[in-house]
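Notes follow once the structure below has been shown.
The values are calculated or read from the model by the stated rules, or taken from the named source; none is laboratory data. Fair warning: this is a prediction, and the values are worked out from it, not measured in the lab. A quick note on method: Cβ atoms are made from the backbone with ideal geometry, for glycine too, and the neighbour counts reach across all protein chains shown.
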Amino acid sequence: MSTLFLQTGILLAQAVDAVNQNPSLVPHPAFGNFLNAVPDQYSVLGLIVLLPLIGAVINGLFGSKIGRQGVYIVGVATVATSFLFSLLAFIALVKAGHANPSGGEGEAAQQAEHAATRISYVAWDWFRAPVGSATAVQIKFRYVLDALSGVMLLVVTGVGTVIHVYSTGYINHDKGFAKYFAFLNLFMFSMLNLILGDSVVLLFVGWEGVGLCSYLLIGFWFHIPEYASAGKKAFIVNRIGDVGVIVGVTILAWKVGAYDFETLRNSLSAENSGALHDLLARTDLDDFIAHWITRNPVWQDRIQAVIPEFSWGGLACFCLFVGCTGKSAQIPLYVWLPDAMAGPTPVSALIHAATMVTAGVYLLCRLSFLFVHFPSVMALIAVIGGLTALFAATIAITQTELKKVLAYSTVSQLGFMFMGCGVGAFGAGLFHVYTHAMFKACLFLGAGAVMHACRDSQDLNKLGGLRKYLPHTFRTFAVATLAIIGTPGLSGFFSKDEILFRALASHNESHPWVGKVVFALGMTTAALTAFYMCRLLFLTFWGEFKGWSLDQASYPPGATIPAHGHGDEDEHDEAHEDEHDDHHEAKPWDPPKDNPWNMTGALYVLAGLSVVAGFINLPSLFTGHHGQLALWLEPVVTEWHIDLHAAHGVEVLAMVLGTTAFLVGSGLAYYVYVLKEGQPAKAIVSAMPGVHRFVENKWKIDELYEVTVVAAVRGASAVANFLDDYLIGGIIWVVTNIPKLLGQILRQFQTGKVQVYGAILALGMLGLLGWTMWVPSVSVSYRVEGSNRMILQANGGPAYRYEWDREGDGFNGTPVFNDPAVISLMCQPQTANDGRRYCRVGVRARNAFGRVTEAVRTVEFPAEAAR
Amino acid sequence: MSLQLGHYLLLSGILFFIGAAGFLVRRNALVALMCIELMLNAVNLTMVAFNRWQTAAPLSEAARASLQRTGNDVTYLIPHHGQIFAFFVIAVAAAEAAVGLAIVLSLYRVRKIVRTDEANLLKDE
């Protein structure tokens, strides 16, 4: 925490210094130093990331103190300021791009110019991470703004700001407003780390951070068990993908020796790059198969036919893609996103539609320089994207909940983005990220507005006719719908068309069929999208409003309708009661009415953006060259090259077919749900109830996972639990019971009665005494008198009797023990080799119990010469 | 017959035995404390007696020389370790009695009784 404040202080001080120290900057209207991008010193980037964190800390720790208005101000102001700084940084980036000296005119020079355009800020050095066995590289907290992260930055902070404003209206009746804004701000912080981080490590920090915030916000109303488990589901499914990211990153670091994108890109883009060669090299799969799988050559050939190429780079790409399927809800890990609609609707708009779920696409674009070298993985990405798009669209047709339809629509649109990336058109994928953020956020917020106005009712069977009651919501929702279904001229048309065109025009080196297949999938999906989105629009806003009339059947006119009892998600927002209580009691079936300005305004902003967002990347058919966005991204995002002029025919074809799909889908929806008021749909449902139920139950994928993956995990956990209980537990039981048993024995002596302890003490003393009495022991002490007389004393004990061996030559004969303890003795000292003179005497002693021992003593005399 | 060392030791032994027997037999905590005092005093008596009957020990040459420099010529010194030690024992015994009486008092407050075999609150069972 202190680091945080310190960092804030440093940043602010730097900002102030920048103005103070350079007086010429003060009157300058162009924000002075903020527009001059010094390498690694552009502190505005730090502020962009830091501000939402400050908001999160203030709201999280002091939210209850500063009150509702305070939380709103802090929550919105930090993110809005962050957005303003993002604009500033973006302008600085553009300026830096123009300021770079260009070597000449022409495309090559322009590319060189763009490639160098990058502004960065180093917050601090973080830690040293190993690459390979002996070397390590420094991981920094370094934020980089380049063309790619610039686009993402504006989308995230821009849409984020709008949604924060909207949230002040949406959360206005909930007690958890401080928690809500703290989480939302923390999400912004994590997301900004994700997109601005200069290394895969920092990206992963953000990646996990957004996952955490997603979990927290899905389970925002965690007291409802289904919502809490939806949060857990999202978290766990994402963890599966994250393993992929970690493995992929590790392989990259191991093989290329770097974690930061710049170094990775440079090492892989260089001519005859050794790292690239390493990554592309077919690894020793043959040996692996022969060693570990089968020795049968026939089977070896078959396995190799299934896995045509195996390289470390391909594996890294595959693992990273697995991570992307988790975060961006693709087959097979998409299952969490529809359940994630348990969270508050603005969260669904921000996290589960506009920003976080596009992180996978962002990662693909960021590492596009790597992915383009692996056509098989690209084919997989494209096909998975296409299948996800189609699959989710079929489910979306049958859903009856407003947000569920939008959720599957999001999955489907994400599939489109992956299709774009998979056919080598990363820019087109990112373009769709950008347009999708606008219109899908608008749709979700519109759905939230509908629910907010209709007491959280989101059942399509109960809604209808809201055109009359919610004119603002209707207008914006309709515009966003028109955008997503690809109405020519609106943003969705351009981005979707670009993806379809690039899919058709692409050529996958190892799997040439992919482009055509993906195009077919995309075209079908486009038609389905038009159909189900129009169905959603018509069912919600056309016809008669059924909600209250359905309720009237159960409540007599004039009765008070309980606040609970409407819709399927009515429980979660208890605070909504007070909003509606007044007109409940007056008239239960009062029509819904539009929401306050902060919600409606956000809708209009996003609807406006949905209209104009596409114009930054007009198709080459109209302009004759790549779109502006594509040109802007070109230095950062590597793509598979296509010849635009040769592909004009294909582009016309794609555009005509795309428009046809739009017309067919929306026309069919208009026919079915407006002209015939849903009769054909009911007819089809009653004709094929089984099929309808199957699709409505999401193709039973959740159930399939339940009986396969979840059951397998449960089985494994049961086995592990069994082992834990009986194997580990058994060992521990034995180990713990040995001391317990010993303790039980020793405990008998611990009576707790002090006299018993005293008695044991006394007995011990007596035993000790008896022992010394019983065991005989004797020693001899002496004093020398003159040259050959010695006084000897035998020290035994009470009642000892002694017998001396005066000559020191051992005892013989029967012992008599009649000598005194002290004797005086003359002896003739012997002389040793070293000149010392000594006598040897022995003593034999008998104690009171008649036991005998003996001792021998050597008595040394002073040397003759010394005297 | 004059008093010899043996008489003192005999008396000390009797006192110690009375103390030990009383400690083991009586259940009253106060009596137990008094018995402990008795045993400690028996020990004190032993130490004092031994000190009294100890033969004078000749001084070492170095000690004698250092004393000579102060103007005293001392050849033999009677040690007083035993007596000094007895004082220490008395002091420790007094401290022990204070602590012991405090414990007895607390025990009385809790159990309204000062029997040692009832002081088993910490014992599991």
Q: Determine whether region A:714-721 contains at least one residue that is closer than 30 Å to A:Val237 by Cβ, among the β-branched types (Val, Ile, Thr) and away from chain B (no Cβ under 14 Å).
A: yes
Q: Please enumerate the residues belonging to region A:726-756 that are within 10 Å of chain B (Cβ to nearest Cβ) and of a type outside the set (S, T, N, Q).
A: A:Arg747, A:Gly752, A:Lys753, A:Val754, A:Val756
Q | Candidates B:Asn44, B:Asn72, B:Asn28, B:Asn51 - the one that is surrounded by fewer than 17 Cβ atoms within 10 Å (Cβ to Cβ) and either at pLDDT 85 or above or in contact with a Leu (Cβ under 6 Å, 6 or more places away or on another chain) (or both) | A | B:Asn28
Q. Taking the stated definitions as given, is A:Gly764 within 14 Å of chain B (Cβ to nearest Cβ), over 34 Å from the mean Cα position of the chain (by Cα) and surrounded by 11 or more Cβ atoms within 10 Å (Cβ to Cβ)?
A. no
Q: Residue by residue through region A:311-335, note down the ones that are closer than 20 Å to A:Ser412 by Cβ and crowded, with 24+ Cβ neighbours inside 10 Å.
A: A:Phe321, A:Cys324, A:Thr325, A:Gly326, A:Lys327, A:Ser328, A:Ala329, A:Gln330, A:Tyr334
(Q) Every residue in region B:96-125 that is small (Gly, Ala, Ser) and closer than 10 Å to B:Ala29 by Cβ, please. (A) B:Gly100, B:Ala119
Q.
Return the pair list, or none, for Cβ contacts closer than 6 Å from residues in region A:117-128 that are touching a residue at least 12 places away in the same chain (Cβ under 8 Å) to residues that are assigned to a loop (DSSP other than H, G, I, E, B), at least 6 apart or on different chains.
A. A:Arg118/A:Asp146; A:Ile119/A:Ala37; A:Ile119/A:Tyr42; A:Ser120/A:Asp40; A:Tyr121/A:Tyr42; A:Val122/A:Asp40
Q) Is it true that some residue in region A:773-788 is touching a Cys at 6+ places or on another chain (Cβ under 8 Å), surrounded by 12 or more Cβ atoms within 10 Å (Cβ to Cβ), more than 14 Å from chain B (Cβ to nearest Cβ) and touching a residue at least 12 places away in the same chain (Cβ under 8 Å)? A) yes
(Q) Restricting to region A:218-249, count the residues that are surrounded by 17 or more Cβ atoms within 10 Å (Cβ to Cβ) and touching a Leu at 6+ places or on another chain (Cβ under 7 Å). (A) 5
Q. Assuming A:Asp125 fulfils every condition listed in (1) under 20 Å from A:Ser190 (Cβ atoms); (2) out of contact with any helix residue (DSSP H, G or I) (no Cβ under 6 Å at 6 or more places or on another chain); (3) not polar (S, T, N, Q) apart from one, which condition is it?
A. (1)
(Q) I'd like the full set of residues that are in contact (Cβ under 8 Å) with a residue 60 or more places away in the chain, assigned to a helix (DSSP H, G or I) and closer than 17 Å to A:Gln399 by Cα, limited to region A:667-680. (A) A:Ala669, A:Val672, A:Tyr673
Q) Which condition number in (1) in a helix (DSSP H, G or I); (2) among the polar types (S, T, N, Q); (3) under 26 Å from A:Gly150 (Cβ atoms) is the one that A:Gln330 fails? A) (1)
Q | Test: A:Ser167 is of a type in the set (S, T, N, Q), crowded, with 24+ Cβ neighbours inside 10 Å and more than 30 Å from A:Val122 (Cβ to Cβ) | A | yes
Q: With a cut-off of at least 1 residues that are more than 30 Å from B:Ile113 (Cα to Cα) and within 14 Å of another protein chain (Cβ to nearest Cβ), name the helices (runs of 4 or more DSSP H) lying wholly within region B:5-99.
A: B:5-25, B:29-52
Q: Report, by residue number, each residue of region B:100-125 that is over 20 Å from B:Ile36 (Cα atoms), of a type in the set (D, E, K, R) and within 14 Å of another protein chain (Cβ to nearest Cβ).
A: B:Arg111, B:Lys123, B:Asp124, B:Glu125
Q) Any residue at all in region A:355-362 that is surrounded by 15 or more Cβ atoms within 10 Å (Cβ to Cβ), over 17 Å from the mean Cα position of the chain (by Cα) and outside any strand (DSSP E or B)? A) no
Q.
Restricting to region A:251-298, give me the number of residues that are among the hydroxyl-bearing types (Ser, Thr, Tyr) and at pLDDT below 75.
A. 2
Q. So A:Gly690 fits all but one of (1) of a type outside the set (A, V, I, L, M, F, W, C); (2) touching a residue at least 40 places away in the same chain (Cβ under 8 Å); (3) loosely packed, with under 15 Cβ neighbours inside 10 Å; what number is the exception?
A. (2)
Q. Can you tell me which of A:Val162, A:Val151, A:Val144, A:Val94 is more than 24 Å from the chain's Cα centre (by Cα), crowded, with 22+ Cβ neighbours inside 10 Å and modelled with pLDDT of 85 or more?
A. A:Val162
**Q.** Condition broken by A:Thr525, with the remaining ones in (1) at pLDDT 90 or above; (2) surrounded by fewer than 24 Cβ atoms within 10 Å (Cβ to Cβ) satisfied
**A.** (2)
**Q.** Flag for B:Ala93 being in contact with an Asp or Glu (Cβ under 9 Å, 6 or more places away or on another chain) and either small (Gly, Ala, Ser) or modelled with pLDDT under 85 (or both)
**A.** yes
Q. How many of the residues making up region B:91-119 are surrounded by 13 or more Cβ atoms within 10 Å (Cβ to Cβ) and either under 30 Å from B:Gln54 (Cβ atoms) or out of contact with any helix residue (DSSP H, G or I) (no Cβ under 9 Å at 6 or more places or on another chain) (or both)?
A. 3
Q. Is it the case that region A:469-484 has a residue that's surrounded by fewer than 24 Cβ atoms within 10 Å (Cβ to Cβ), within 27 Å of the chain's Cα centre (by Cα) and either farther than 29 Å from A:Ala630 by Cβ or in contact (Cβ under 8 Å) with a residue 12 or more places away in the chain (or both)?
A. no
Q: Taking B:Gly6 as the residue in question, decide whether it is out of contact with any helix residue (DSSP H, G or I) (no Cβ under 9 Å at 6 or more places or on another chain), of a type outside the set (Ser, Thr, Tyr) and on the phi > 0 side of the Ramachandran plot.
A: no
